[in-house]
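Taking it in order: structure first as structure tokens, then the write-up.
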Amino acid sequence: MVEIVKDIFDGNLNSDGKFIISDDINCIKIDVGLAGEAPNSAIWLDETPDRFVIGVEPLTYHWRMLLELKTANSKREYPKNFKFIQLERGVVELDGVEISKIGNRFCAVQCAIDDVGENLEFMTFYEMDRTDGASGSSSLLQPSRHHPHFVQNIVETPVISLESLLSFVDWNRFSFIEQIKTDCEGKDYDVVRSIGKYLDRILFITSEMTGNTHHWINSCDPQHFVNWMDERGFEFRHLGSEALFINRSLYEKHKESKYGLNFKTLGF
């Protein structure tokens, strides 16, 4: 099954089956749920040239926007006042102006994430209507009657776990992952649980923690999520509309380094 999962990372793995990451890279962040602009990835890539970002997003529509928004047949207004990525030209933009180059520091992964162990599965994905050019907060979960958007498409998408993804990191070179961000519309708890045996190697985890859990059938219980993380050595803090989880033991080791708590570094 691992060989099948490798197909998701076609062209991004070296002969040893590890992510191709240049020698000048010192840290890794993982962005799960990019939408059409990947603002968190943009912040991270612009902030320092020695960071590698793995971006995970299932929707082809969003990848068209991430490649070249102007030709993506999107009704989305050109983003203003925040950074976003444009992969066709390999740049981070702000207000329509290139502010930094991405180079070979971004790995694009088109799939969804769930707690599926080592398996590669295909699951139903609910693509919501594209109000104002967005895709209306799409999810693996079926929307409830309280959801403000309607289902535009129901598609089948490949699904893997973060544990599978992390198995392709060269752990002899990178002793920990700087941050994982999840924005997965009611599935964030399952996505974080899918980190599996690598959970103690993640320094920061930021996850969507808003009041929209009633938009989805069988969405995660935020308090259960917080309790589960606390039991595994993570301190909980609010970060705007998101939950910030800090690996207590790793933070003690790195709080005086450049990996110390930096809200700009952590993204939106």
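Going through region 8-44 one residue at a time, which ones are part of a helix (DSSP H, G or I) and over 22 Å from residue 164 (Cα atoms)?
Let us first name the residues in region 8-44 that are part of a helix (DSSP H, G or I), namely 8-9, 39-44.
Across region 8-44, the qualifying residues are 39, 40, 42, 43, 44.
Just for region 175-184: of the residues that are open to solvent by 10 Å² or more (accessible area, probe 1.4 Å) and touching a residue at least 60 places away in the same chain (Cβ under 8 Å), which one is farthest from residue 219 (Cα to Cα)?
176
Residues that are free of Cβ contacts under 8 Å to residues at least 60 places away in the same chain and under 28 Å from residue 52 (Cβ atoms): find the strands (runs of 3 or more DSSP E) completely inside region 97-149 holding 2 or more of those.
97-101, 121-128
Identify, please: which residue in region 1-12 is surrounded by fewer than 16 Cβ atoms within 10 Å (Cβ to Cβ) and under 16 Å from residue 106 (Cβ atoms) and is, among those, modelled with the lowest pLDDT? Reasoning before the result, please.
Step one: list which residues in region 1-12 are surrounded by fewer than 16 Cβ atoms within 10 Å (Cβ to Cβ), which gives 1-4, 7, 10-11.
Going one step further and asking which of them are under 16 Å from residue 106 (Cβ atoms), we end up with 10-11.
Working: 10: 81, 11: 91.
It comes out as 10.
In region 210-268, which residue that is within 18 Å of residue 29 (Cβ to Cβ), among the aromatic types (Phe, Trp, Tyr) and open to solvent by 40 Å² or more (accessible area, probe 1.4 Å) is nearest to the chain's Cα centre (by Cα)?
Among residues in region 210-268 that are within 18 Å of residue 29 (Cβ to Cβ), among the aromatic types (Phe, Trp, Tyr) and open to solvent by 40 Å² or more (accessible area, probe 1.4 Å), the one nearest to the chain's Cα centre (by Cα) is 268.
Is it fair to say residue 15 is buried (at least 18 other Cβ atoms within 10 Å of the Cβ) and farther than 22 Å from residue 191 by Cβ? Before the answer, list the steps.
Values: buried (at least 18 other Cβ atoms within 10 Å of the Cβ): no; farther than 22 Å from residue 191 by Cβ: yes.
For residue 15, the condition - buried (at least 18 other Cβ atoms within 10 Å of the Cβ) and farther than 22 Å from residue 191 by Cβ - is not met.
How many residues does region 20-39 contain that are out of contact with any Phe, Trp or Tyr (no Cβ under 6 Å at 6 or more places or on another chain) and either in contact (Cβ under 8 Å) with a residue 40 or more places away in the chain or among the polar types (S, T, N, Q) (or both)?
Of the residues in region 20-39, the ones out of contact with any Phe, Trp or Tyr (no Cβ under 6 Å at 6 or more places or on another chain) are 20, 22-24, 26-27, 30-36, 38.
Next, only the ones that are either in contact (Cβ under 8 Å) with a residue 40 or more places away in the chain or among the polar types (S, T, N, Q) (or both) stay: 20, 22, 26-27, 30-33, 35-36, 38.
Of the residues in that region, 11 qualify.
Checking the conditions here, which among 94, 120, 165 is in contact with a helix residue (DSSP H, G or I) (Cβ under 9 Å, 6 or more places away or on another chain) and open to solvent by 50 Å² or more (accessible area, probe 1.4 Å)? Break it down into steps so the answer makes sense when it comes.
Details: 120 fails: open to solvent by 50 Å² or more (accessible area, probe 1.4 Å); 165 fails: open to solvent by 50 Å² or more (accessible area, probe 1.4 Å).
After applying the criteria, what remains is 94.
Of the residues that sit in region 65-92 and are aromatic (Phe, Trp, Tyr) and in a loop (DSSP other than H, G, I, E, B), which one is nearest to residue 129 (Cα to Cα)?
Step one: filter region 65-92 for residues aromatic (Phe, Trp, Tyr), giving 78, 82, 84.
The next check asks that each one be in a loop (DSSP other than H, G, I, E, B); those that pass are 78, 82.
Working: 78: 19, 82: 23 Å.
Here the answer is 78.
Of all residues in region 70-91, which are open to solvent by 60 Å² or more (accessible area, probe 1.4 Å) and of a type in the set (D, E, K, R)?
Taking region 70-91 and keeping what is open to solvent by 60 Å² or more (accessible area, probe 1.4 Å), we get 70-71, 73, 75-78, 80-81, 88-89.
Passing the criteria: 70, 75, 76, 77, 80, 88, 89.
For the subset of region 32-86 comprising residues that are at positive phi and more than 14 Å from the chain's Cα centre (by Cα), which member is modelled with the highest pLDDT?
Taking region 32-86 as the starting set, the residues that turn out to be at positive phi are 33, 35, 38, 73, 81.
Checking which are more than 14 Å from the chain's Cα centre (by Cα) leaves us with 73, 81.
Working: 73: 76, 81: 90.
Looking at the filtered set, the residue picked out is 81.
The values are calculated or read from the model by the stated rules, or taken from the named source; none is laboratory data. Please read all numbers here as calculations on a predicted model, not as lab measurements. Cβ: placed from backbone, ideal geometry, glycine included. Neighbour counts: every protein chain shown. Each accessible area value is taken on the protein alone, full model and side chains, heavy atoms only, with ligands, DNA and RNA left out. Shrake-Rupley method; radii C 1.70, N 1.55, O 1.52, S 1.80 Å.
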